[in-house]
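Novice: Quick one: the structure is below, questions incoming.
The values are calculated or read from the model by the stated rules, or taken from the named source; none is laboratory data. Everything numeric here is computed off the predicted structure, so don't read it as measured data. Note that we place each Cβ from the backbone using ideal geometry, even for glycine, and neighbour counts take in every protein chain shown. For accessibility, only protein heavy atoms count, side chains too; no ligands or nucleic acids. Shrake-Rupley method; radii C 1.70, N 1.55, O 1.52, S 1.80 Å.
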Amino acid sequence: MARDNRRMDLRQLEYFVHVAELGSFTRASAFLGIAQPALSRQVRALEVELRQPLFERNGRGVTLTEGGKRLLAHGRGILQQVQRARQDMDEARGVASGHLAVGLPPSVSRVLAAPLVAVFRARFPRATVTVVEGLSAYALEWLQIGRIDCAVVYNVTPGPAIDLVPVLDEELYLVSARAPGGPRVGPPVALAELAGHELVVPGRPHSIRMLLDAALVAAGHKARVGVEIESVPAILDLVQHHRLHAVLTLNGVRSHGHEDVFTVRPIAPARGASRLVTTQWIVTSAQRPRGPLVNQATLLLRELMLRLWSVPAADGAAAATSQPIA
């Protein structure tokens, strides 16, 4: 019996998959950065090797034949397995490669996302990154189902399914529209006075809302909530233009880009109570193994957070609002 000496070239298979997914040799050649005639020759060689056509050519591009559909299903799996094998071998050598999905709260993402992507690309050239925005409660759910690999969260409760690294403590302030000639930093506000202001605040289970409600209830008061909204930029717009008040960190106010239009006041705690402080944590799953990419990327996250959140206020009055945690 004659031996079948056909061998499938991984490069040809990769080219075929890209043409199939993009539906065009022209688009695939542009994506892959190779000349279209060279791409066509490689795919044609694969068809000759497999003794059947893989595409039906037409004026609008290409469509898969029945044989092409079968090969596409196999080809994707083969290429994924090869990628996983390469990543595993890289991890054995301590090389950070693969893909990382990071969850960030919206207020943090506004400050951190762009620097994170820029430094990540420079530091980990063999890896890719996705940033997903969401509240801390959502990030923990995404971590559990494997949608993300790590996240920055606020005031999370420790548990056996997660590993937590505390990074920063941030004090909360009452934020109001700044009157003409008024100060950027006002005197401390007591909880009783704060309870009399109409607030625009996030809904539960946002960490700031939970902290605020707990502090007011402990002091015998209740928040006067005018509007519930999750978006920090929208909260600040309502404070600026509709004379509502908010409770935020100074860095949340700075994310607006025009913090000089606001007056911030530290919140005086009730007697014997601690100041209202929210903690930023980096969280990873305790139920999945962490390779070099996750380990090194979480160190990068902490490095950037400490650098970006340590920027002092312009007037110096609240320069110590963000305290790094050893």
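Novice: For the stretch 51-66, what are the residues that are in contact (Cβ under 8 Å) with a residue 40 or more places away in the chain and buried (at least 16 other Cβ atoms within 10 Å of the Cβ)? Break it down stepwise before answering.
Specialist: Going through the stretch 51-66, the residues in contact (Cβ under 8 Å) with a residue 40 or more places away in the chain turn out to be 62-64.
Matches in the stretch 51-66: 62, 64.
Novice: Here is a follow-up. Can residue 278 be described as within 24 Å of the chain's Cα centre (by Cα), open to solvent by less than 60 Å² (accessible area, probe 1.4 Å), among the hydroxyl-bearing types (Ser, Thr, Tyr) and under 23 Å from residue 192 (Cβ atoms)? Lay out the reasoning, then the answer.
Specialist: On the way: within 24 Å of the chain's Cα centre (by Cα): yes; open to solvent by less than 60 Å² (accessible area, probe 1.4 Å): yes; among the hydroxyl-bearing types (Ser, Thr, Tyr): yes; under 23 Å from residue 192 (Cβ atoms): yes.
In short, yes.
Novice: Name the one entry in 221, 256 that is buried (at least 17 other Cβ atoms within 10 Å of the Cβ), modelled with pLDDT of 85 or more and in a loop (DSSP other than H, G, I, E, B).
Specialist: Details: 256 fails: modelled with pLDDT of 85 or more.
It is 221.
Novice: Among the numbered criteria (1) farther than 28 Å from residue 280 by Cβ; (2) part of a helix (DSSP H, G or I), which one does residue 62 miss?
Specialist: (2)
Novice: For the subset of the stretch 125-141 comprising residues that are in contact with a Gly (Cβ under 9 Å, 6 or more places away or on another chain) and in contact (Cβ under 8 Å) with a residue 40 or more places away in the chain, which member is surrounded by the most Cβ atoms within 10 Å (Cβ to Cβ)? Let's see the steps before the verdict.
Specialist: So the first thing to find is which residues in the stretch 125-141 are in contact with a Gly (Cβ under 9 Å, 6 or more places away or on another chain), and the list is 126-128, 131-134, 136, 138-141.
Still in the running and in contact (Cβ under 8 Å) with a residue 40 or more places away in the chain: 127, 136, 139-140.
On the way: 127: 20, 136: 21, 139: 25, 140: 21.
The residue in question is 139.
Novice: Kindly indicate whether residue 149 is of a type outside the set (A, V, I, L, M) and buried (at least 19 other Cβ atoms within 10 Å of the Cβ). Write out each step before concluding.
Specialist: On the way: of a type outside the set (A, V, I, L, M): yes; buried (at least 19 other Cβ atoms within 10 Å of the Cβ): yes.
Yes, satisfied.
Novice: In addition: Please give the number of the condition residue 193 fails out of (1) assigned to a helix (DSSP H, G or I); (2) in contact with a helix residue (DSSP H, G or I) (Cβ under 9 Å, 6 or more places away or on another chain).
Specialist: With respect to (1) assigned to a helix (DSSP H, G or I); (2) in contact with a helix residue (DSSP H, G or I) (Cβ under 9 Å, 6 or more places away or on another chain), residue 193 is out only on (2).
Novice: What are the pairs, 6+ residues apart or on separate chains, where a residue within the stretch 145-174 that is among the small types (Gly, Ala, Ser) has its Cβ under 6 Å from a residue that is open to solvent by 30 Å² or more (accessible area, probe 1.4 Å) and at pLDDT 90 or above?
Specialist: Once the first residue is among the small types (Gly, Ala, Ser) and sits in the stretch 145-174, its partners that are open to solvent by 30 Å² or more (accessible area, probe 1.4 Å) and at pLDDT 90 or above give 161/286.
Novice: Also: Need a quick list: strands (runs of 3 or more DSSP E) entirely within the stretch 107-179 having at least 3 residues that are more than 30 Å from residue 193 (Cβ to Cβ) and within 13 Å of the chain's Cα centre (by Cα). Give the steps one after another, and end with the answer.
Specialist: Numbers: elements: 127-133, 150-154, 162-177.
Once the strands (runs of 3 or more DSSP E) in the stretch 107-179 are filtered for at least 3 residues that are more than 30 Å from residue 193 (Cβ to Cβ) and within 13 Å of the chain's Cα centre (by Cα), what remains is 127-133, 150-154.
Novice: So residue 228 clears everything in (1) out of contact with any strand residue (DSSP E or B) (no Cβ under 9 Å at 6 or more places or on another chain); (2) surrounded by 14 or more Cβ atoms within 10 Å (Cβ to Cβ) except one condition, right? Which one?
Specialist: (1)
Novice: Looking at the stretch 256-299, which of its residues are within 20 Å of residue 104 (Cα to Cα) and of a type in the set (A, V, I, L, M, F, W, C)?
Specialist: Result: 277, 281, 282, 283, 286, 293, 294, 297, 299.
Novice: Between residues in the stretch 220-240 that are over 30 Å from residue 271 (Cα atoms) and touching a residue at least 24 places away in the same chain (Cβ under 8 Å) and residues that are in a loop (DSSP other than H, G, I, E, B) and of a type outside the set (Phe, Trp, Tyr), which pairs lie under 6 Å by C-beta distance while being six or more apart or on different chains?
Specialist: So the pair list comes out as 230/202; 238/244.
Novice: If I filter the stretch 196-214 down to residues being outside any loop (DSSP other than H, G, I, E, B) and not hydrophobic (A, V, I, L, M, F, W, C), which single residue comes out as nearest to the chain's Cα centre (by Cα)? Explain how you work it out, then say what you get.
Specialist: First, pick out the residues of the stretch 196-214 that are outside any loop (DSSP other than H, G, I, E, B): 198-201, 207-214.
Applying the additional criterion that residues be not hydrophobic (A, V, I, L, M, F, W, C) yields 198, 207, 209, 213.
Values: 198: 32, 207: 17, 209: 21, 213: 27 Å.
Filtering first and then ranking leaves 207.
Novice: So is residue 194 of a type outside the set (Lys, Arg) and either under 30 Å from residue 296 (Cβ atoms) or open to solvent by 50 Å² or more (accessible area, probe 1.4 Å) (or both) or not?
Specialist: No; evaluated as a whole, the condition is false for this residue.
Novice: Here's a follow-up. Condition first: at pLDDT 90 or above and not in a helix (DSSP H, G or I). Now tell me which residues in the stretch 65-99 satisfy that.
Specialist: Across the stretch 65-99, the qualifying residue is only 65.
Novice: So residue 180 fits all but one of (1) more than 16 Å from residue 280 (Cα to Cα); (2) touching a residue at least 60 places away in the same chain (Cβ under 8 Å); (3) not aromatic (Phe, Trp, Tyr); what number is the exception?
Specialist: (2)
Novice: Further question on the same structure: Kindly establish whether residue 172 is aliphatic (A, V, I, L, M), at pLDDT below 95 and open to solvent by less than 50 Å² (accessible area, probe 1.4 Å).
Specialist: Numbers: aliphatic (A, V, I, L, M): yes; at pLDDT below 95: yes; open to solvent by less than 50 Å² (accessible area, probe 1.4 Å): yes.
When the stated conditions are applied, residue 172 passes them.
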